[in-house]
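Values in this text are rule-based calculations from the coordinates and carry no lab data. Everything numeric here is computed off the predicted structure, so don't read it as measured data. Neighbour counts run over all protein chains shown; Cβ positions are idealised from the backbone, glycine included.
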Amino acid sequence: MENGSREGLIIAGFGGQGIILVCKLVAQAAMNVGREVTFMPSYGAEVRGGTANGMIIIDTEPIASPVVTRPDSLMALNKASLHKFAERIKPGGLLIMNKSLIDDEPEIDDSIDVVRIPADDIATELGNPKATIWLCLAHT
């Protein structure tokens with residue numbers, strides 16, 4: 001967490017991948033341990049298959065705005081999300097990529113840790129394509 005207190009996170013992908021649900025769970029977990037939290041969802045009108053992302057800020061102090069302009073961490077579950085948000089990650093941050101749907105190498109600062117997970121492939125092998133986002137979370 002920035003200065004020991006603040007963490008900005010963006011989780012992004014397609015509608016139907018569980019993006020909003022996972023964001024709500026992360027926010028709730030942070031509140032359960034006494035943190036200040038904001039969560040701002042965004043999704044296309046078509047919901048399933050359209051774009052979806054959530055911005056979460058977790059802090060020990062009150063939060064003035066729910067907008068995450070420079071995330072500490074980004075979980076990108078598809079190529080469009082990677083291209084939209086990767087360049088915003090703070091130096092020293094974390095990028096988690098769904099390698100099954102992203103074959104591009106992101107143009108990011110060398111100090112950013114990158115975790116590439118073939119999440120869709122693993123979820124399909126396990127017989128549960130809906131498990132993609134949970135596999136990404138498990139590797140964080």
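Yes or no, residue by residue, for (1) surrounded by 19 or more Cβ atoms within 10 Å (Cβ to Cβ); (2) touching a Gly at 6+ places or on another chain (Cβ under 9 Å):
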site	(1), (2)
Pro62	no, no
Pro71	yes, yes
Lys79	no, no
Met97	yes, no
Asp104	no, no
Glu107	no, no
Val114	no, no
Ile117	yes, no
Ala123	yes, no
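Does Arg35 meet the test of being surrounded by fewer than 19 Cβ atoms within 10 Å (Cβ to Cβ) and more than 16 Å from Ile133 (Cβ to Cβ)? It is false that Arg35 is surrounded by fewer than 19 Cβ atoms within 10 Å (Cβ to Cβ) and more than 16 Å from Ile133 (Cβ to Cβ).
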